[in-house]
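Below is one structure, written out as structure tokens; the observations come after it.
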Amino acid sequence: MHGILLILVLAFQNLTPEALKHAEAGMDLQKQGKQNEAIAEFRKVAELMPELAAAHVNLGQAIMQGGDFSGAIPPLKRALELNPDLIGAHQMLGYSLLAAGYAAEAIPHLEKIQAVDALGVAQLKAGRYAEAIGNLQAALAKRPNDPDLLYYLGRASGLLSRDTLETLKTTQPDSARSHQILGETYAIMHNAVGAEKEFMEAIRQRPTTPGIRLELAELYVAAGKWDLAEQQFNIESQLQPGDGEAAYRLGNAQLQQGKIKAARKALEHANTVQPGVPDTLYLLGKVTGLDDDPVTAEKLWRELLTLDKDSNLAAQAHFGLANLYRQGGKTAQADAELKEFQRLQKAK
Amino acid sequence: MLSLKRDPMFKVRAIAGVFALFAAGAGAGIFDVALPAGIAFRHENSPTPRKHLIEAMGGGVALLDYNNDGLLDIFFVNSGQITATQQTNTFARANERYWNRLYRQNRDGSYTDVTTAAGLSNAGDGNYGMGAATADYDNDGFPDLYVTSYGHNILYHNNGNGTFTDVTSKAGVATSGWSVSAGFFDYDNDGKLDLFVTRYMEWDFAHSKSCGTSPRFYCSPAEFPAVSNVLFRNNGNGTFEDVSTRTGIAAKKGKALGVAFADYDADGFPDIVVANDGMEQLLFHNDAGKTFTERGLEAGIALTDDGKRISGMGVDFRDFDNDGDPDIVITDLARQNYALYRNDGHGLFSYRSMQTGITALTNLNSGWGIGFVDFDNDGWKDLFAAQSHVMDNVEGLDASLHYLEPPLLALNHVGRFERAESGTTVASAGRGAAFGDMDNDGWMDVVMTVLGGKPQIFHNRKGNGHWLTLKLRGTRSNRDGQGAIISAGTRHEIATTAGSYVSANDPRVHFGLGSDTKADIEILWPSGTKQKLNAVAADQILTVTEPEAR
């Protein structure tokens with residue numbers, strides 16, 4: 001607003017006595033909160049001195065302060081016609097246009113003043129998602145965790161993703177990636193048959209592309225087809241031996257089928273490439289216990305409990321330890337672990 | 001022992017199976033599925049748009065030779081009428097369509113409806129029927145019948161002349177509320193069969209709830225308070241005493257649906273496993289026939305190995321891995337996996353669903369009646385489960401699941417279960433499952449009830465394995481030897497009609513012997529008497545009488 005006051009001061013120096021009288025009256029009325037009367041006075045100033053840009057700025061500002069963003073646009077535009085360098089006018093016009101729904105028109109004015117938050121929103125509304133994401137991220141860097149900025153950034157990212165995938169589907173309808181997207185869409189719609197068909201086609205075209213088999217395998221998991229899921233997880237983990245997630249899922253699929261040794265191997269690999277993951281530690285503890293290796297199982301669950309003390313996994317680890325100790329004849333320790341399990345269960 | 005594949009007769013049997021395939025013009029498998037002539041029963045559960053949970057839970061069945069002609073007869077429990085606007089807790093049963101039904105088996109394998117002649121047409125107007133238990137509770141040589149209901153239960157005494165008499169009042173076993181599965185066993189080894197009745201939860205129309213709006217679905221049992229089960233001690237004079245409180249049974253509330261009995265710690269007294277819906281599974285340890293201590297959590301059967309609760313429904317309590325002690329299998333809802341707890345000895349169990357293949361077989365299935373039964377006579381007990389989700393609109397909530405499901409038949413290959421053709425791919429709302437040798441051919445059959453539908457009978461096609469069936473005659477023990485523990489070589493069984501869900505099984509004891517043509521038999525009678533029979537020839541139904549002296 002400092003820029004606006006400066007305009008006003010400068011304007012006072014050039015005003016005719018009659019215009020000055022209306023301008024002073026307008027300012028007094030504004031101070032009294034009589035917005036409509038103030039607007040009428042500023043309008044008279046603009047009528048008396050139509051070539052004075054500051055008069056239109058004052059009028060636009062008063063209208064904007066009254067909440068009428070659409071009404072503020074014409075005087076602000078006129079002001080900028082008379083003097084395109086009025087930064088304050090660009091600022092007010094940019095916000096007014098955005099507030100009134102003219103997002104695309106607001107962008108050049110907001111660019112002038114580098115208002116990255118409003119600019120990002122305007123770009124989002126104008127469908128310029130990639131630019132919006134950049135500006136909103138810049139705004140978030142200044143105001144971390146601002147809920148509005150987070151919301152708009154999320155929206156922009158989602159819409160950019162959608163549009164990108166739409167473009168892919170339109171321009172490359174028979175590509176592996178298009179089939180992958182279709183598979184994902186079918187999966188969301190619970191059309192397992194359609195999803196499987198599309199993922200299969202994507203894999204046929206690009207059998208070594210990471211990720212597709214993971215999605216196909218998850219489809220099989222949801223359908224309880226653990227053997228088919230295992231096949232796909234297995235190939236995925238071979239394609240990406242450094243991916244602990246693929247190895248974890250492979251181990252889980254093998255465990256569900258009672259393939260204890262194989263599951264142990266896969267989960268040990270997952271724990272090696274991505275150590276300290278509570279889910280992996282829990283499942284590996286479970287598998288080693290089933291593999292008649294209670295010492296390692298205990299060690300893994302203890303490690304889990306140093307990382308995670310209160311979650312469901314922690315409760316499960318206590319329960320597993322209780323069973324382990326009971327089977328080993330350590331009744332007191334088993335009872336203590338059972339109590340911890342029950343305490344965590346009650347806390348939930 | 002021999003697995004099917006290791007069985008030297010496997011090839012022969014496989015060839016015979018192929019032949020049977022062409023001969024029958026149907027899919028290969030253990031069973032032929034058909035309803036024999038004369039059985040016209042249709043279960044009536046009266047589903048309403050209000051979706052009262054009670055509508056989803058009935059479907060009892062019992063196999064008993066009520067007239068002692070050597071052939072198993074079938075008793076079906078019907079449910080009753082519920083109207084869309086019903087507010088009272090009584091259910092019309094007078095109309096014939098809501099009657100329970102007793103079908104007498106004829107010599108030609110057909111059945112005759114003898115409900116009226118047997119005096120069973122009055123199911124207790126007002127009761128909504130659930131399940132059945134059978135046993136000769138008064139040791140008079142004729143099996144009696146106990147029918148559970150929402151309302152009050154009925155004990156029908158078998159008069160021995162083809163008729164039954166409602167002796168509930170005299171016996172004092174009516175109970176109240178919502179009873180589901182029940183079973184007879186001799187918990188104090190006094191030679192008189194006692195009665196355990198599971199009760200589901202506190203529910204009535206006034207306190208019924210609506211769950212979901214569009215669509216409405218059956219409420220979770222978590223919406224209703226838990227209740228205690230009931231134990232009746234047989235006084236031996238035709239009356240029973242409610243000893244639930246005295247024995248500690250009433251101290252543990254639950255939402256019980258299934259019950260089975262076995263002596264899991266070999267202390268000479270039968271213990272009780274109770275399948276609870278959405279709660280911890282219960283294991284009542286029998287403290288020398290006086291009291292019970294609930295040890296589910298300590299013994300390792302209360303929860304899964306991840307410490308999760310399951311929706312326990314049906315249960316069986318037998319030795320599936322031929323190691324000499326009884327194991328536990330419990331059916332539950334989809335995505336929970338049926339729970340198999342292996343008895344590790346020393347009073348401890350371990351969750352073994354994954355290692356035995358059960359998890360992979362049942363991940364998306366919901367089970368009710370279940371039994372460990374050796375269907376292919378290879379010496380290893382297989383699994384049969386009646387299946388169906390409890391929610392008749394589950395597809396709308398989870399497209400991977402189905403309300404109607406075909407039953408599960410899983411063959412036991414040296415302790416690991418693998419899916420086999422059950423004889424039908426038709427999906428239905430399976431509920432009760434009773435197991436027995438309907439035609440005395442040594443091959444176990446199944447009668448499965450269908451909620452709101454006609455039952456299915458799975459007639460065993462037979463194979464080439466040898467078998468032995470024992471009909472026990474207790475003298476110092478209860479007359480049917482219920483609770484006796486029998487070994488045939490490395491195979492072990494318990495004599496019991498209980499287990500499964502709302503069902504009662506053939507009281508005889510069946511063994512598949514694989515290629516063995518004879519077996520050494522050891523019987524531990526409930527009285528403590530031990531009996532040995534050496535080199536008993538296979539392929540016969542043998543009556544064994546308990547020695548008078550130990």
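The values are calculated or read from the model by the stated rules, or taken from the named source; none is laboratory data. Quick caveat: nothing in here was measured; it's all calculated off a predicted structure. Note that each Cβ is placed from the backbone with ideal geometry, even for glycine, and that neighbours are counted across all protein chains shown. Ligands, DNA and RNA are excluded from the accessible area calculation, which covers all protein heavy atoms including side chains. Shrake-Rupley method; radii C 1.70, N 1.55, O 1.52, S 1.80 Å.
Can you tell me which residues in the stretch B:363-379 are closer than 18 Å to B:Arg431 by Cβ and open to solvent by 10 Å² or more (accessible area, probe 1.4 Å)? Result: B:Asn365, B:Val373. With respect to B:Gly432, determine if the residue is surrounded by 21 or more Cβ atoms within 10 Å (Cβ to Cβ) and out of contact with any Pro (no Cβ under 8 Å at 6 or more places or on another chain). Yes.
B:Gly307 meets the stated requirement of being surrounded by fewer than 24 Cβ atoms within 10 Å (Cβ to Cβ) and within 13 Å of another protein chain (Cβ to nearest Cβ).
One residue stands out among those in the stretch B:48-99 that are part of a helix (DSSP H, G or I) and farther than 30 Å from B:Ser214 by Cβ: the one that is least open to solvent (accessible area, probe 1.4 Å), which is B:Tyr98. Restricting B:Ala420, B:Ala360, B:Ala386, B:Ala410 to residues that are buried (at least 18 other Cβ atoms within 10 Å of the Cβ), closer than 21 Å to B:Gly312 by Cβ and away from every other protein chain (no Cβ under 14 Å) narrows the list to B:Ala386. Within the stretch B:316-350, the residues that satisfy the criterion of being surrounded by fewer than 23 Cβ atoms within 10 Å (Cβ to Cβ), in a strand (DSSP E or B) and not basic (Lys, Arg) are B:Asp344, B:Gly345, B:Leu348, B:Ser350.
Listed by position, the strands (runs of 3 or more DSSP E) contained in the stretch B:135-204 that have at least 3 residues being among the basic types (Lys, Arg) and under 18 Å from B:Asp277 (Cβ atoms) form an empty set. Of the listed requirements (1) closer than 23 Å to B:Val33 by Cα; (2) within 8 Å of chain A (Cβ to nearest Cβ), B:Gly369 misses just one: (2). A:Leu82 fulfils the conditions (1) within 15 Å of A:Thr16 (Cα to Cα); (2) open to solvent by 20 Å² or more (accessible area, probe 1.4 Å) except for a single criterion, (1).
Among the candidates A:Leu267, A:Leu344, A:Leu305, the residue that is under 35 Å from the mean Cα position of the chain (by Cα), more than 21 Å from B:Phe349 (Cα to Cα) and in contact (Cβ under 8 Å) with a residue 24 or more places away in the chain is uniquely A:Leu344.
The criterion of being touching a Gly at 6+ places or on another chain (Cβ under 6 Å), in a strand (DSSP E or B) and modelled with pLDDT of 95 or more holds for B:Phe458. Taken together, A:Leu239, A:Leu228, A:Leu281, A:Leu216 contain a single residue that is within 24 Å of A:Ala314 (Cα to Cα) and free of Cβ contacts under 8 Å to residues at least 60 places away in the same chain, which is A:Leu281. Being open to solvent by 10 Å² or more (accessible area, probe 1.4 Å) and modelled with pLDDT of 95 or more is the requirement here; does B:Arg508 meet it? Against the criterion (open to solvent by 10 Å² or more (accessible area, probe 1.4 Å) and modelled with pLDDT of 95 or more), B:Arg508 qualifies.
Only residues that are open to solvent by 20 Å² or more (accessible area, probe 1.4 Å) and either without any contact (Cβ under 8 Å) to a residue 40 or more places away in the chain or in contact with a helix residue (DSSP H, G or I) (Cβ under 6 Å, 6 or more places away or on another chain) (or both) were counted across the stretch A:37-55, and they come to 11. Within the stretch B:475-490, which residues are in a loop (DSSP other than H, G, I, E, B) and either within 30 Å of B:Glu55 (Cβ to Cβ) or within 22 Å of the chain's Cα centre (by Cα) (or both)? Once the filter is applied, which keeps residues that are in a loop (DSSP other than H, G, I, E, B) and either within 30 Å of B:Glu55 (Cβ to Cβ) or within 22 Å of the chain's Cα centre (by Cα) (or both), the stretch B:475-490 yields B:Asn478, B:Arg479, B:Asp480, B:Gly481, B:Gln482, B:Gly483, B:Ala484. Just wondering, is there one or more residues in the stretch B:470-477 that are farther than 30 Å from B:Val147 by Cβ and modelled with pLDDT of 95 or more? No. Where helices (runs of 4 or more DSSP H) fall entirely within the stretch A:170-224, those with at least 2 residues that are open to solvent by less than 70 Å² (accessible area, probe 1.4 Å), more than 14 Å from every other protein chain (Cβ to nearest Cβ) and charged (D, E, K, R) are at A:192-205, A:212-222. Just one of the listed residues (B:Trp467, B:Trp525) is within 25 Å of the chain's Cα centre (by Cα), more than 17 Å from B:Val373 (Cα to Cα) and open to solvent by less than 40 Å² (accessible area, probe 1.4 Å), namely B:Trp525.
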